[in-house]
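Values quoted throughout were computed directly from the atomic coordinates according to the rules given, and no laboratory measurement underlies them. Keep in mind it's a predicted model, so treat the numbers as computed, not measured. Here the Cβ positions follow ideal geometry from the backbone for every residue, glycine too, while neighbour counts run over all protein chains shown.
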Amino acid sequence: MKILIINGPNLNMLGIREPDIYGRKTYDDLVEMIKEHCYKVSVEADFKQSNHEGDIVDMIQQAYYDKVDGIVINPGAYTHTSVAILDALKATGIPTVEVHISKVDEREAFRQISYVSYYAKKTITGKGFDGYIEAVDFLVNG
Ligand code: DQA
């Protein structure tokens, strides 16, 4: 099984950005943690991060041609604005889990809309980095 883990804007700043909300661990720590888990559950994992909406659309489209079996995506702020990312996911038909490190539902009103949620099979919020592990397991177990 092949899973693509996509992180959107500012998630490369983990460890630096608002540590009270996102913690002190870095993006590299996140990747290492997911890699270790994927190895244990025999999943092939690929990691991509971008600050650019169009790049994320391209990554999702490419996942279709690469025959990716599942996508874990934290679209960052594009969660709340991007119909283009939603449409790209719909176009591929790839099972997708949406992850948010923070408790978005308890934050500002503008964070209460998620376009990706219209497509994602599951949305995991407020579980920190563990949310990504739960997302991988959900895709593995179907
Ligand atoms: C986030 C929540 C978003 O509202 C925010 O813009 C992010 C990160 C999260 O992981 O909690 O960049 O997706």
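Tabulated data
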{"read-out": "Of residues in the range 123-142 being under 14 Å from the mean Cα position of the chain (by Cα) and of a type in the set (S, T, N, Q), the one farthest from the ligand (Cβ to nearest atom)", "value": "THR123"}
{"read-out": "Hey, VAL57 closer than 22 Å to GLY142 by Cα and out of contact with any strand residue (DSSP E or B) (no Cβ under 8 Å at 6 or more places or on another chain) or not", "value": "no"}
{"read-out": "Selection count where residues are closer than 16 Å to ALA135 by Cβ, touching a residue at least 40 places away in the same chain (Cβ under 8 Å) and of a type in the set (A, V, I, L, M), scope the range 17-40", "value": "3"}
{"read-out": "Close pairs from the range 91-109: first more than 16 Å from LEU4 (Cα to Cα), partner basic (Lys, Arg), Cβ under 6 Å, at least 6 apart", "value": "VAL104/ARG111"}
{"read-out": "Selected residue (only one of ALA88, ALA109, ALA84, ALA120 is under 13 Å from the mean Cα position of the chain (by Cα) and among the small types (Gly, Ala, Ser))", "value": "ALA120"}
{"read-out": "Hits in the range 91-113 - residues which are away from the ligand (no atom under 16 Å from the Cβ), exposed (fewer than 14 other Cβ atoms within 10 Å of the Cβ) and in a helix (DSSP H, G or I)", "value": "ALA91"}
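Residue-by-condition table, conditions (1) without any contact (Cβ under 8 Å) to a residue 40 or more places away in the chain; (2) within 16 Å of the ligand (Cβ to nearest atom); (3) not hydrophobic (A, V, I, L, M, F, W, C):
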site: MET1; (1), (2), (3): no, no, no
site: SER42; (1), (2), (3): no, no, yes
site: GLN49; (1), (2), (3): no, yes, yes
site: ILE60; (1), (2), (3): no, no, no
site: ILE73; (1), (2), (3): no, yes, no
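Table: residues versus (1) at positive phi; (2) buried (at least 17 other Cβ atoms within 10 Å of the Cβ).
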residue	(1), (2)
ASN10	yes, no
ILE16	no, no
CYS38	no, yes
GLN61	no, no
